[in-house]
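Have a look at the structure below before the remarks.
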Amino acid sequence: MHGGSRGSALCLSIALCVVAAEASAHRLAPSLLELQPQPQGRVDVHWKTPLVRAAGVEILPELPGHCRALGERTAERGADAASLRWSVNCGERGLLGSTVAVRGLEASGTGALVRVVSGEGHDIQVLLSAQRPSFVVPRRASFFSVLRDYAWLGFRHIGSGLDHLFFVWGVMLLVRSGRKLLVTLTAFTLGHSLTLSLAVLGWLDFPGAIVEVAIAASVFAIALELTRRGVRPSALARRPWTLALGFGLLHGMGFAAALAEVGLPSEEILAALLAFNLGIELGQLAWIALALAAALLLRSGGWQLPARLARLPAYAIGSTATFWMLDRVGGWF
């Protein structure tokens, strides 16, 4: 980007930083409804909903009408989510061919992952949304439904992951050459795709809390590089793809932690992993396109950021990253 387009993109980042100052990244996780059939028609139910959601909105599962509740419900509350566990009796009909739904998705703006655990290697996972709040339990999940649902999960995840998006925007502001920007973003993509795959397949494990702090630190690092631009560029600023590749490895572990929350279908693990990663890439490209379109629109109007405010975006990004780091370290205690 050059001239006015860069100044316009800087202003877009400022506005997004102001919004992010009051938001924590990756808390808009989908609700989870896990159904585990047992002998004699009993089904164990686990309903998990995030604590952060739209005010006054209640998200509730709807089980088939022939399923009767057994005993009391057990409530649990964690740092980010609340859970309910109970059992129902669905008789000889069971769940196969019956309708399962989740109410409140449209008002909440979130989705819900329904997992039917068969215990026979044919687990079914379906993502419900405002457009599709119910489904009929099939004998097994189709390949194309796995691709669709996990690509959408990846797309939604990157859309709510402001820390990842801030890193990408910081790279866009740091790198002047279009070709160098392409190489840098490709390095970032390769880095997070590698660790996402290794972590999901169980070949790499690292404490999630530390990873989240390190991701916030990577956003701070890109902001620091922005403050040096035009003064004395560091070796990383001259070779930004090394920075992007290294921090991409960190961000991939963050993506893996999000995917671990919803799990993978037992029969289509690779398809789900590839679809989730594809959704992340599509979401990332969509946000890059949005930033560039806004920059071009503002440039066409003859507007650009005054020279005396050139470092303001770096300070805004760095301040937001500092807030995230302190917030996440505080969660350790």
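The values are calculated or read from the model by the stated rules, or taken from the named source; none is laboratory data. All values reported here derive from a predicted model rather than from experimental measurement. With ideal geometry, Cβ positions are generated from the backbone for all residues, glycine too; neighbour counts draw on all protein chains shown. Keep in mind that these areas ignore ligands, DNA and RNA; they rest on the heavy atoms of the full protein, side chains included. Shrake-Rupley method; radii C 1.70, N 1.55, O 1.52, S 1.80 Å.
Overview of values
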{"quantity": "Total charge dipole magnitude, segment 85-160, about the Cα centre, Cβ charges on Lys, Arg, Asp, Glu only, Debye to nearest 20", "calculated": "60"}
{"quantity": "Accessible area of H157 in the full protein assembly, 1.4 Å probe (Å², nearest 10)", "calculated": "20"}
{"quantity": "Given charges at Cβ of Lys, Arg, Asp, Glu: segment 105-154 dipole, positive-most of F143, Q125, G109", "calculated": "F143"}
{"quantity": "Anisotropy class of segment 31-94 from Cα gyration tensor, a/c 1.5 cut", "calculated": "prolate"}
{"quantity": "Segment 110-217 - percent of accessible surface contributed by carbon and sulfur, probe 1.4 Å", "calculated": "65"}
{"quantity": "Neighbourhood charge, 12 Å Cβ-Cβ cut-off, centred on V211 and excluding it, Lys, Arg +1 and Asp, Glu -1", "calculated": "-2"}
{"quantity": "Solvent exposure ordering (accessible area, 1.4 Å, most first) of V43, V136", "calculated": "V136, V43"}
{"quantity": "Probe 1.4 Å, accessible area per residue of segment 55-212, Å²", "calculated": "51"}
{"quantity": "With all protein chains modelled, accessible area of R148 [1.4 Å, Å²]", "calculated": "120"}
{"quantity": "Accessible heavy-atom area order of F135, F143, highest first, probe of 1.4 Å", "calculated": "F143, F135"}
{"quantity": "Per-residue SASA entry for D80, accessible area with 1.4 Å probe, Å² rounded to 10", "calculated": "100"}
{"quantity": "Accessible-area order (highest first, 1.4 angstrom probe) of the listed residues Y150, Y315", "calculated": "Y315, Y150"}
{"quantity": "Segment 80-138: C-alpha gyration tensor shape, a/c 1.5 cut-off, then a/b vs b/c", "calculated": "prolate"}
{"quantity": "Leading residue at positive end of dipole, segment 72-208 (Cβ point charges), from A199, G161, L95", "calculated": "G161"}
{"quantity": "Inter-site label distance for A289 and L51 at 7 Å from Cα along Cβ, in nm", "calculated": "3.7"}
